[in-house]
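Engineer: Sharing a structure, written as structure tokens. Questions coming.
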Amino acid sequence: DLDYLIIDSPPGTGDEPLTVAQTIPDAKALIVTTPQEISLADVRKSINFCRTVNMEILGIVENMSGFKCPHCGQVIELFKAHGGMLTAKEQGLRFLGSLPIEIDVVENGDAGRMEILDKEGSPFREAFLKIVDSVVEACEQLSKAQAARRAEIEKKKRDRRNGLIIAVPMADGKLSSHFGHSEQFAFVETEDGKVNKVEVKPAAPHEPGVIPRWIEQQGVDVVITGGIGDKARAMLEEKGIEVIVGAPEQPPEVLAEQYLSNKLISGANVCDH
């Protein structure tokens, strides 16, 4: 019964973070960098990766951020300064804080323990605990936003006169059985419990996490499909989007009307991956 599970991935955007994104739908990213540009270039790639696979980014932490001389007290910026903070601002992300270089951290790491976190007055300890508080706060904010989104969807479902946007993957003018392979999507807007408008758009690129994120960006409340992969379904439901599977191959406006009148017949998920 964990409060938090932390998975430390190698630098970059290799198989490890991709596996996390594919197997843990509600995983969130905490990006750690050092201040110099060569590190920040990899960080920007990581940010783009997270956005592509629809992984929420909690924020950026700047590690090895200055060394305080034990003799004169002057802070020496061994790896430049403020690179993490400036990148966070540039990318519209939270900057969670900076961790200084401290000899005790190196010694504790070699010994396999982190006694420095119990050392009162340690600059590293104080900075670390502030970052922990910021991470907890960021997680709580995201959870509240998701809960509010779900509550909004539930309210609309209870009173369908408020208007919904229903997305339907399409092929030949009718529902497509496979959500992730559809070339087009119909977006059905409803008002006063009736179909008001149908707009067909080309699907987003068929890459991991891209279509669910694109669907969310369209303001969709409900997805009606024949089949959908477990990962894509989990990503949509995490955002408070209702997913109905096993729907018949009918035109999108017909499916929307059936949904609005509580007559839509759903069945088994025809997608098994």
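Engineer: If one puts a single equal scatterer on every Cα of the chain and applies the Debye formula without solvent, what log₁₀ I(q)/I(0) results at q = 0.07 Å⁻¹?
Structural biologist: Values returned for q = 0.07 Å⁻¹ are -0.36.
Engineer: What shape does region 1-87 have by the C-alpha gyration tensor, where a ≥ b ≥ c are the square roots of the eigenvalues, rounded means a/c under 1.5, and otherwise prolate means a/b greater than b/c and oblate the rest?
Structural biologist: Since a/c reaches 1.5 and a/b is larger than b/c, the shape of region 1-87 is classed as prolate.
Engineer: Now for a separate question. Given Cβ point charges of +1 (Lys, Arg) and -1 (Asp, Glu) and nothing else, what value in debye, to the nearest 20, does the dipole of the chain about its Cα centre take? Spell out each step's value before the answer.
Structural biologist: Working: 30 positive and 43 negative charges, 188 e Å.
The calculated dipole for the chain is roughly 900 debye.
Engineer: Same structure again: What fraction, in whole percent, of alpha-carbon pairs in region 15-152 exceed 24 Å separation? Write down the numbers at each step before the final one.
Structural biologist: Details: 3774 of 9453 pairs.
Distances greater than 24 Å cover 40 percent of the Cα pairs.
Engineer: Compactness ratio of region 62-216: Cα Rg over 2.2 N^0.38 Å, N = residue count? Mind dumping the intermediate values first?
Structural biologist: On the way: Rg = 25.4 Å, N = 155, 2.2 N^0.38 = 15.0 Å.
Here the answer is 1.70, to two decimals.
Engineer: Then there is this: Sorted from largest down, what three extents in whole angstroms do the Cα atoms of region 160-260 have along their principal axes?
Structural biologist: Extents along the principal axes: 36, 28, 22 Å.
Engineer: Please turn the phi angles of region 219-236 into ³J(HN,Hα) values with the Karplus equation 6.51 cos²θ - 1.76 cosθ + 1.60 (θ = phi - 60°), one per residue in order, whole Hz, x for glycine and proline.
Structural biologist: x, 6, 9, 9, 10, 10, 8, x, x, 7, x, 4, 5, 4, 5, 4, 5, 5
Engineer: If amide hydrogens are placed 1.01 Å from N in the peptide plane, which non-local residues have theirs closer than 5 Å to the one on Val32?
Structural biologist: It is Val61, by chain and number.
Engineer: Which angle between 0 and 90 degrees, to the nearest 10, do you get for helix 37-52 versus the longest principal axis of the chain when only C-alpha atoms count?
Structural biologist: With both axes taken from Cα atoms, the answer is about 20 degrees.
Engineer: When 1/r is averaged over all different Cα pairs and the result inverted, which Kirkwood radius in Å belongs to region 126-213? Walk me through the intermediate numbers first.
Structural biologist: Working: mean 1/r = 0.0625 Å⁻¹.
The Cα-based Kirkwood calculation yields 16.0 Å.
Engineer: Show which aspartates and glutamates lie in cross-link reach of Lys197 when reach means a straight Cα distance below 16 angstrom and same-chain residues fewer than eight apart are skipped.
Structural biologist: Glu189, Asp221, Glu253, Glu257
Engineer: Let me ask something else. Which far-off residues, 5 or more places away or on another chain, put their amide H under 5 Å from the one on Phe79, with H placed in the peptide plane?
Structural biologist: Gly66
Rule-based calculations on the coordinates, nothing more; no lab input. Model, not experiment: these values are computed from the prediction. Positions of Cβ are generated from backbone atoms using ideal geometry, with glycine treated the same way; all protein chains shown enter the neighbour counts.
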